[in-house]
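These notes concern the structure reproduced below.
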Amino acid sequence: MTEISKGNLPEFLRKLVPVEVRCDSGAARNLEATIFVTPDYLAIGSDSDFLRIPMNLHTATTIAGRFGFVLPTRKMVDAIYLQSRYHLVPQPLPAGPQMRSTAYYWNHNELIKDQVHAIGARLGELVSGDKKDVVISNRLATHVGHIAIYGWHRGAGEPIQPLSTVHGANYADYSHGIRLISEWALINGKLQSVRDILRDPSTAGILSDEGPIEVNSRLLAAQLDSSPIAPARSD
């Protein structure tokens, strides 16, 4: 967190990419929104040498709030995948305690780098499929002290990781990524707060498939890991 707070992140991550989201049912039917997202997951380093860094819930929400971002919802993650210029193939590593090690972070980052080079993906273009997302969810209100993760798509509608809150809030492993979403979105051409959109029952359906979500980054960042670390699994 210290390195990112000091600005030690690749230049290409500073340029957000627009993603279109819409709702076809309920109170938000026919509303369209444009959200603005980082093209890949948070990393430290430069454009020529960077390492994607997993984060626990406290660190992720603190970083997001400090720089004017929020974490994505499950619906946003799906939209980002569908509209990504490049779809990487998930590359799981053997499960075990080593999943939380720096060596695993580095090894997985190298696998992603090799795949990016192989398909000719360019920095700054929207990329997905390389990590699971740490997300915001209504489940966090009933699973206090836990982290919500989702994604790592094999294809459209095929996430390896269904929405899960099995792990404690302090948990992070090599497969987790932090995709930041601007606090501001366009709804039918009008700039609005993402937090307000998600809070309002008449608009939440544009950005959430769980109904209204209260995005209280300060509360999330303050959550303590009140449960033991669960064994690594995809559920």
Of all residues in region 32-67, which are among the basic types (Lys, Arg) and modelled with pLDDT under 95? Arg66
Filter result for the condition that a residue is surrounded by fewer than 17 Cβ atoms within 10 Å (Cβ to Cβ) and modelled with pLDDT of 95 or more, over Arg14, Arg29: Arg14
Being within 19 Å of the chain's Cα centre (by Cα) and not small (Gly, Ala, Ser) narrows it down to one of Leu93, Leu126, Leu111, so name that one. Leu126
I'm trying to understand the selection: among the residues of region 46-73, which are open to solvent by 20 Å² or more (accessible area, probe 1.4 Å), touching a residue at least 24 places away in the same chain (Cβ under 8 Å) and of a type in the set (Gly, Ala, Ser)? Ser46, Gly65, Gly68
For region 129-147, give me the residue count where each residue is under 17 Å from the mean Cα position of the chain (by Cα) and under 24 Å from Pro212 (Cα atoms). 11
Any chance you could count how many residues in region 74-118 are surrounded by 15 or more Cβ atoms within 10 Å (Cβ to Cβ) and among the small types (Gly, Ala, Ser)? 2
Residue among Tyr150, Tyr86, Tyr105 that alone is hydroxyl-bearing (Ser, Thr, Tyr), modelled with pLDDT of 95 or more and within 14 Å of the chain's Cα centre (by Cα): Tyr150
Out of all the residues in region 189-213, which are without any contact (Cβ under 8 Å) to a residue 60 or more places away in the chain and either part of a helix (DSSP H, G or I) or open to solvent by less than 30 Å² (accessible area, probe 1.4 Å) (or both)? Ser193, Asp196, Arg199
Evaluate the following for Ser128: is it of a type in the set (S, T, N, Q), touching a Lys or Arg at 6+ places or on another chain (Cβ under 9 Å), open to solvent by less than 60 Å² (accessible area, probe 1.4 Å) and under 17 Å from Leu51 (Cα atoms)? yes
Ile181 fails exactly one of (1) of a type in the set (A, V, I, L, M); (2) over 12 Å from Val77 (Cβ atoms); (3) buried (at least 16 other Cβ atoms within 10 Å of the Cβ); (4) modelled with pLDDT of 95 or more, namely (2)
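The values are calculated or read from the model by the stated rules, or taken from the named source; none is laboratory data. All figures in this text were calculated on a predicted structure; none of them were measured in a lab. So basically every Cβ, Gly included, is an ideal-geometry build from the backbone, and we count neighbours across all protein chains shown. The protein model used for the area step is the full one, side chains on, heavy atoms only, and it has no ligands, DNA or RNA in it. Shrake-Rupley method; radii C 1.70, N 1.55, O 1.52, S 1.80 Å.
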